[in-house]
Protein chains: 2
Amino acid sequence: MAFFFLDAYYIDMNTHDINILREWLGDKGIITNERQCAPYAQGWRGNTGKCAAVLRPTSTKDVSRIISYCARRKIHLIPQSGNTGLVEGSIPDDSGTQAILSLDRMNEVKDIDPANRSVCVQAGTRVSALNNTLEKYGLFFPIDISADPCIGGMIATNTGGARYMKYRGVREHLLGIKVVLANKHGSIIDAMIPLHKNNTGLDIKQLFIGTGGIFGVITEASLLLAQLPKQIATALLIPRDKNDMNELLISLEQKCGQSLSAFEGMSGNAIRAALKHSPSLTNPFGTDEIPNYAILIEITYDWEKREGQQSLDDELKLILEEVWKDSRTPLDNALVGAPEKLWALRHALSEGVQKSGNRLFAFDISFKRGDVMRFISFMEEMLANEYPELTICDFGHIGDGAVHFNLVLKKNSRKTKKKEYESELRSLVTDIVVNNYGGSFSAEHGIGRKNQKFYDLYTPEEIKAVTRAIKGAVAPIDIGAIKI
Amino acid sequence: MAFFFLDAYYIDMNTHDINILREWLGDKGIITNERQCAPYAQGWRGNTGKCAAVLRPTSTKDVSRIISYCARRKIHLIPQSGNTGLVEGSIPDDSGTQAILSLDRMNEVKDIDPANRSVCVQAGTRVSALNNTLEKYGLFFPIDISADPCIGGMIATNTGGARYMKYRGVREHLLGIKVVLANKHGSIIDAMIPLHKNNTGLDIKQLFIGTGGIFGVITEASLLLAQLPKQIATALLIPRDKNDMNELLISLEQKCGQSLSAFEGMSGNAIRAALKHSPSLTNPFGTDEIPNYAILIEITYDWEKREGQQSLDDELKLILEEVWKDSRTPLDNALVGAPEKLWALRHALSEGVQKSGNRLFAFDISFKRGDVMRFISFMEEMLANEYPELTICDFGHIGDGAVHFNLVLKKNSRKTKKKEYESELRSLVTDIVVNNYGGSFSAEHGIGRKNQKFYDLYTPEEIKAVTRAIKGAVAPIDIGAIKI
């Protein structure tokens with residue numbers, strides 16, 4: 001295998017390129033019409049790029065051919081599957097010279113193997129479609145997020161989500177991968193071995209997990225599945241003081257262990273925003289005032305209720321009574337039941353917050369679990385003094401130390417929409433996260449164009465050097481939205 | 001960062017080298033006396049190498065200095081921590097020119113963080129010592145194997161073990177790592193960030209998991225811990241026909257989900273060997289005949305028995321009665337209880353088998369879960385015809401599709417101990433595993449000198465090429481027992 005470096009400038013696609021690619025991919029395989037390209041070039045949060053074309057292969061071989069051709073012609077490719085990411089990792093920039101490599105025609109689900117609890121999927125398969133197919137086997141791919149992404153993008157983002165505490169993330173469910181390397185040959189790596197245990201050297205699939213496509217394009221994956229839970233109980237907890245959250249988490253973990261499948265914080269501000277935006281949601285607090293902070297917890301058992309056993313709701317009530325009596329973990333109130341309504345509210349927070357103000361500055365950050373609430377308290381005080389025009393609408397995966405820390409510019413704010421304001425604010429918050437708390441500027445959304453600056457700033461030099469050396473050695477073609 | 005390639009030949013250490021290293025590391029930091037070196041140079045299964053010296057640094061900085069010096073002097077280092085591996089991955093060859101880099105003086109446990117369920121350990125920490133320290137916090141590092149390895153070696157081997165079904169392996173419990181790269185600078189990579197979720201680019205620690213030290217020497221790790229289980233129930237199951245094992249496994253998984261923490265197969269031959277070798281063990285079958293095959297299952301709950309709940313033993317009895325009634329999963333017998341005795345037997349199988357015949361040919365292999373018993377049946381027939389001098393003494397982690405497939409040369413066998421016999425046998429079995437069943441030649445023991453041949457033979461060329469390219473780019477110094 002020989003490797004080479006390309007310069008970082010790219011040329012436009014021309015009619016000749018389009019014709020050649022159309023010949024390979026067929027009429028459905030290439031889109032050049034601006035209106036039809038537009039949805040591919042628009043990000044989930046509304047940010048829009050511009051592309052030269054959308055290429056839609058139907059096989060790994062075609063992906064390889066495209067990568068090889070575009071390398072030769074210096075056409076910069078942006079791999080895309082579900083395009084539900086939040087960090088501009090799957091949309092082109094606004095130059096109009098980049099081409100989108102869409103996996104949306106590669107969505108086959110095959111080799112469902114209940115005995116092995118595994119399945120093979122093509123990268124453009126929606127997680128909802130996969131889970132619908134798996135339901136009759138009592139199995140599912142247990143990554144739970146508000147959006148409906150495709151498997152390829154989930155791998156490239158290493159999606160975590162709301163039930164990570166019990167199930168963990170994409171990395172822990174990837175058995176095998178098929179990928180086309182970002183080199184001039186478009187080398188195909190077939191590592192689709194669906195074994196639970198396999199320790200035979202470098203686990204090559206790790207290169208492609210959470211790296212936003214910089215090393216190549218994932219075309220297929222072999223996934224480890226989980227049993228669908230048989231009993232689920234949810235509750236909404238109101239802590240007396242949100243700074244006690246940590247004691248509450250530890251206490252619940254000690255009483256529930258791995259069956260505690262979610263511990264999701266929701267600020268009163270985020271709840272209000274969701275209820276206002278989606279009138280069909282049920283307000284779990286009825287006519288009462290919405291509390292300052294609430295926690296959605298879930299426990300799941302993978303087995304049916306056995307003879308003589310109480311319902312899981314009743315068991316959860318007992319657990320919460322114990323927690324209540326425990327003076328270290330003060331609870332003001334707890335409502336057990338209504339899982340669909342509570343999760344509908346939880347999953348509506350993101351969009352509700354997005355729509356609630358003039359502008360949203362969203363941070364997907366993480367901490368050692370003991371630090372999350374310390375950080376939020378610190379920020380509340382600091383922002384109230386220095387940025388009174390902002391409302392904190394945080395929510396997130398407190399059980400994993402992760403929080404979607406959202407700052408909403410109040411509707412009546414006279415602050416301008418200047419770029420500098422956002423840039424200053426982003427730098428300030430991220431600097432506190434990383435330097436004061438040893439936290440991460442991206443808990444689970446990945447890097448993307450949006451976090452490029454923070455990758456550059458906060459990744460230790462020696463780690464950047466290793467990443468670049470690997471990129472240069474195995475996947476030297478510039479591909480994807482980020483630069484490492 | 002600049003990289004270079006060293007040739008693969010090495011020179012001997014001389015008195016000058018020894019003196020310089022002694023000055024840095026102190027008298028305790030270097031061993032050259034042959035008798036004192038011997039235990040470091042001897043592998044767990046008795047295979048012995050010969051070393052020029054044992055170097056025993058006490059800090060990451062010293063490890064860096066050693067690697068840098070030895071690179072310049074072309075001294076080949078073999079990193080070693082607990083030296084309990086089974087594939088000759090941590091012992092030198094018999095040339096006497098290699099030096100062991102032992103982590104046995106780096107065994108500090110620090111930063112125990114119950115709120116974050118994490119701990120920092122130096123690489124030379126024994127897992128038993130770590131778990132003793134953690135016990136009072138109700139936490140443990142949940143990798144369960146018969147030996148007592150150190151954390152560094154466990155990472156380099158990606159240890160799996162007997163409770164992988166519930167807890168998974170080392171890879172899933174590694175939050176952060178500190179490592180010295182195998183380059184001429186001995187570059188230190190500090191990625192000791194103990195976050196549950198952190199998605200900020202290439203997860204660099206993955207390079208060092210299961211790769212036997214070829215990319216560098218792990219000096220510290222940040223580990224994710226699990227709650228100690230609060231209720232445990234074990235049972236010994238006798239399936240009517242071991243070919244029904246798979247239905248039994250699926251049925252139990254459906255009834256227990258993630259609380260099924262072990263599903264360990266034990267052949268009658270392996271049980272007999274263990275009982276004979278260790279008279280202190282309890283024969284769970286009393287005076288009855290030992291069955292052809294038995295399965296040790298364990299279910300664990302992470303919570304205390306709650307008011308009104310039955311004991312987990314009673315619950316397990318109910319579960320097994322349901323399985324019993326289910327005609328798809330025929331059970332001949334089941335004995336619930338006596339966890340210590342059953343696990344003592346399980347953990348004594350390896351040594352019992354080792355001592356039971358003239359010679360042991362051990363295979364650590366894995367399959368899609370549905371294939372394990374098909375493979376064993378096939379081999380029983382094939383070996384009975386073609387290798388009647390061998391007894392199959394298999395046992396292992398059937399719940400993970402993994403099996404320790406042991407072939408014991410009968411004591412009265414007239415077969416010679418010739419190298420060719422072993423070589424032919426190893427090739428035959430491994431070829432069937434990989435080519436006929438799509439299985440792995442190393443489920444969890446890693447590569448090591450012992451599996452080098454199979455790595456060379458069965459690793460796809462494109463994966464070897466990527467591994468070599470990465471090695472050349474980031475860690476070009478030849479280090480460790482294997483060559484990639």
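Using only Cα atoms, find the angle between the long axis of helix A:245-256 and the longest principal axis of chain A, and express it within 0 to 90 degrees, rounded to the nearest 10. Orientation of helix A:245-256: about 90 degrees from the principal axis. I'd like the distance between the alpha-carbon centres of segment B:101-136 and segment A:41-58, rounded to an integer number of Å. First find each Cα centre; the distance between them is then 48 Å. Once you've got the Cα coordinates, tell me which of B:K419/B:K464; A:K355/B:K166; A:K178/B:K453; A:K50/B:K471; A:K276/A:K419; A:K410/A:K483 are over 31 Å apart. Pairs exceeding the cut-off: A:K355/B:K166; A:K50/B:K471; A:K410/A:K483.
Evaluate the charge dipole of the protein assembly as shown about its Cα centre and quote only its size in Debye, nearest 20, assuming +1 on the Cβ of each Lys and Arg and -1 on the Cβ of each Asp and Glu. Provide the component values of the computation, followed by the final result.
Values: 114 positive and 116 negative charges, 435 e Å.
I would put it at about 2080 debye.
Taking a point 7 Å out from the Cα of A:S146 in the direction of its Cβ, the residues of segment A:261-280 whose backbone N falls within less than 20 Å of it are A:262-280.
Across chain B, C-alpha contacts under 8 Å between residues 6 or more apart give a mean separation that, scaled by the residue count, equals a relative contact order of 17 percent. The C-alpha atoms of chain B define a longest principal axis, and helix B:372-386 lies at about 90 degrees to it. Residues of segment A:157-181 with amide nitrogen under 14 Å from the 7 Å Cα-to-Cβ point of A:D111? Taking a point 7 Å out along Cα→Cβ of A:D111, the residues of segment A:157-181 whose backbone N falls under 14 Å are A:174-179. When B:R65, B:R369 are compared by accessible area at a 1.4 angstrom probe, the order from most to least is B:R65, B:R369.
A simple spin-label model places pseudo-atoms 7 Å from Cα toward Cβ; at B:N333 and B:H277 they are separated by 2.4 nm. Projecting label points 7 angstrom from Cα along Cα→Cβ for B:E461 and A:W24 puts them 2.2 nm apart.
For A:K317, the lysines whose Cα comes closer than 17 Å to its Cα, not counting residues fewer than 8 places off in the same chain, are A:K255, A:K305, A:K325, B:K305. Backbone phi angles across segment B:76-93, fed through the Karplus curve with coefficients 6.51, -1.76 and 1.60 (θ = phi - 60°), yield HN-Hα couplings of 7, 9, 10, x, 8, 10, x, 6, 10, x, 10, 10, 6, x, 10, 10, x, 6 Hz in residue order; Gly and Pro are listed as x. This model, with +1 at the C-beta of Lys and Arg and -1 at the C-beta of Asp and Glu, gives chain B a dipole about its Cα centre of some 1280 debye.
Taking the label point 7 Å along Cα→Cβ, B:E289 and its counterparts in the other copies are spaced 7.8 nm apart, in ascending order. Of the GluC sites (Glu not before Pro) found in segment B:25-122, those that fall in a DSSP loop while having at most 14 other beta-carbon atoms within 10 Å are B:E108.
Given R0 = 45 Å, the distance between the Cβ atoms of A:S427 and A:T15 translates into a calculated FRET efficiency of 0.55. Most tightly packed first, judged by the mean number of other beta-carbon atoms within 10 Å of their residues, the peptides A:141-148, B:280-287 read A:141-148, B:280-287.
Starting from the Cα-Cα distance between A:E386 and A:T48, subtract it from 0.36 nm times their residue separation and give me the gain in nm to one decimal.
Numbers: separation 338, 0.36 × 338 = 121.68 nm, distance 3.12 nm.
Working it through step by step, the gained length comes to 118.6 nm.
A crude spin-label estimate for the pair A:S95 and B:R240, with each label 7 Å from Cα along the Cβ direction, gives 6.9 nm.
For A:N47, inter-copy separations between label points set 7 Å beyond Cα along the Cβ vector come to 5.2 nm, shortest first.
The slack between B:K419 and B:R468, meaning 0.36 nm per residue of separation minus the straight C-alpha distance, is 14.6 nm. Net charge around A:Y455, counting only other residues with Cβ within less than 9 Å of its Cβ (Lys, Arg = +1; Asp, Glu = -1)? It works out to a net charge of +2. Backbone geometry of segment A:458-466 corresponds, through the Karplus equation with coefficients 6.51, -1.76 and 1.60 at θ = phi - 60°, to 3J(HN,Hα) couplings of 10, 7, x, 3, 5, 6, 4, 4, 5 Hz, x marking Gly and Pro. Between identical copies, the spacing of A:Y421 label points, each set 7 Å from Cα toward the C-beta atom, reads 8.4 nm from nearest to farthest.
At 0.36 nm per residue, and after removing the present C-alpha to C-alpha distance, how many nm does the segment from A:R35 to A:A344 gain when stretched out fully?
Once the chain is fully extended between A:R35 and A:A344, it gains 107.9 nm.
Here is how the number arises for chain B: DSSP H runs of 4 or more residues each give -39500 (n - 2.57), the sum is divided by the residue count, and the result at 222 nm is -10000 deg cm²/dmol.
Using a cutoff of 8 angstrom between alpha carbon atoms and counting only pairs six or more residues apart, the relative contact order for segment B:169-248 works out to 35 percent. Taking a ≥ b ≥ c as the square roots of the eigenvalues of the Cα gyration tensor, an a/c ratio of 1.5 or more together with a/b no larger than b/c marks segment B:230-352 as oblate.
The values are calculated or read from the model by the stated rules, or taken from the named source; none is laboratory data. Not measured: the values here are computed from a predicted model. Here Cβ is always computed from backbone atoms with ideal geometry, including for glycine, and neighbour counts include all displayed protein chains. Heads up: the accessible areas ignore ligands, DNA and RNA and are worked out on the full protein's heavy atoms, side chains in. Shrake-Rupley method; radii C 1.70, N 1.55, O 1.52, S 1.80 Å.
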